[in-house]
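Worksheet: one structure, shown below.
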Amino acid sequence: VIHQHKMNESLLLNGQTFSFKEIIEGKFTAQTPFEKSTLEFCQRWLNGEKEFALQTSGSTGTPKKIILTRSAMEASAWQTVNALKLKADDTSLICLDTKYIAGQMMLVRSFVLGINIVAVEPTGNPLENIEQQIDFVALVPLQLENIINYSRERLDRTRCAIIGGAAVSNSLKEKIQNSKCNIF
């Protein structure tokens, strides 16, 4: 299947805009480890790298290195994009560590469709300081719990979220029942 899309040409990282041209050419300076891992992954992706040696987070066992092909990552990304009915003019929030597969796959999902990318340092409540409309975010249960407790209105403005990395407690499942956000 050939997917035609208009690629967004920049990403917003911790409030600073980086053009894809700057990233491809390595003309960037990272201020934090998160910025470094995000920009370096984006550079490798945008330059067409075919294989990625990734570190698992260890959320389901001992962290380990795995090798994934670009085509496998793209296929996985398209499944998510299609299942969640994401569109090219959507905005994704990357707030998981981009050293690991979960954060990197959020970038890949954004790249394959040309989604606007907003990336912020991973925190306990990543929506706390987000003013723009977010259409798609991946969170761990602890982040979701904090958002519900402290920024529920921002969660309700978010179109869809995928939750992973740990089990979702029954009490958290109850708390999200009335959310306007589609949570998977």
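The values are calculated or read from the model by the stated rules, or taken from the named source; none is laboratory data. The shown structure was predicted, so the numbers you read here are calculated from the model rather than taken from an experiment. Glycine also receives a Cβ, built like all others from the backbone with ideal geometry; neighbour counts cover every protein chain displayed. Side chains included, ligands, DNA and RNA excluded: accessible areas come from the protein's heavy atoms. Shrake-Rupley method; radii C 1.70, N 1.55, O 1.52, S 1.80 Å.
For L13, the residues 5 or more places off, or on other chains, whose built amide H falls under 5 Å of its own are F18, A119.
Compared with the dominant Cα axis of the chain, that is its longest principal axis, helix 141-150 is turned about 60°. Listed values for the stretch 97-104 are Karplus-derived 3J(HN,Hα) couplings in whole Hz (6.51 cos²θ - 1.76 cosθ + 1.60, θ = phi - 60°), namely 4, 7, 6, 10, 4, 4, x, 5, and x replaces Gly and Pro. Against the chain, whose longest principal axis comes from its Cα atoms, helix 33-46 is set at around 50 degrees. Bridgeable lysines around K27 (alpha carbons under 25 Å apart, same-chain partners fewer than 8 residues away excluded): K6, K36, K50, K99.
At a Förster radius of 35 Å, what calculated FRET efficiency corresponds to the Cβ-Cβ distance of S71 and S19, to the nearest 0.05? E between S71 and S19, to the nearest 0.05, is 0.85. Annotation for the stretch 79-98 versus the stretch 9-52: alpha-carbon center distance of 18 Å.
Heavy-atom accessible surface of the chain, averaged per residue, reaches 52 Å², computed with a 1.4 Å probe.
Here the gap between E40 and E174, fully extended at 0.36 nm per residue and compared with their Cα-Cα distance, gives a gain of 44.4 nm.
Its DSSP H runs of at least 4 residues, each contributing -39,500 (n - 2.57), put the calculated 222 nm mean residue ellipticity of the chain at -10500 deg cm²/dmol, to the nearest 500. The average projected area of the stretch 83-145, computed from the convex hull of its Cα atoms over all directions, is 4.3 nm².
Taking 25 °C and 0.890 mPa s as conditions, the stretch 42-125 diffuses translationally at an estimated 183 µm²/s according to Stokes-Einstein applied to its Kirkwood radius (Cα pairs).
A straight chain from Y150 to N182 at 0.36 nm per residue would run longer than the Cα-Cα distance by 9.7 nm. Near R159, the amide H atoms lying under 5 Å from its own belong to I134, D135, F136; only residues 5 or more places off or on other chains count, and H is placed 1.01 Å from N.
One quarter of the surface of the convex hull around the alpha-carbon atoms of the chain equals 10.3 nm², the direction-averaged projected area.
Considering only E153, E35, E25, the mean-square fluctuation computed in a Gaussian network model of the chain, springs between alpha carbons under 10 angstrom, is largest for E25.
The stretch between A83 and A53 holds 8.2 nm of extra length on full extension. This uses 0.36 nm per residue minus the Cα-Cα distance. With a cut-off of 15 Å between beta carbons, the residues surrounding I130 carry a summed charge of -3, where Lys and Arg count +1 and Asp and Glu -1.
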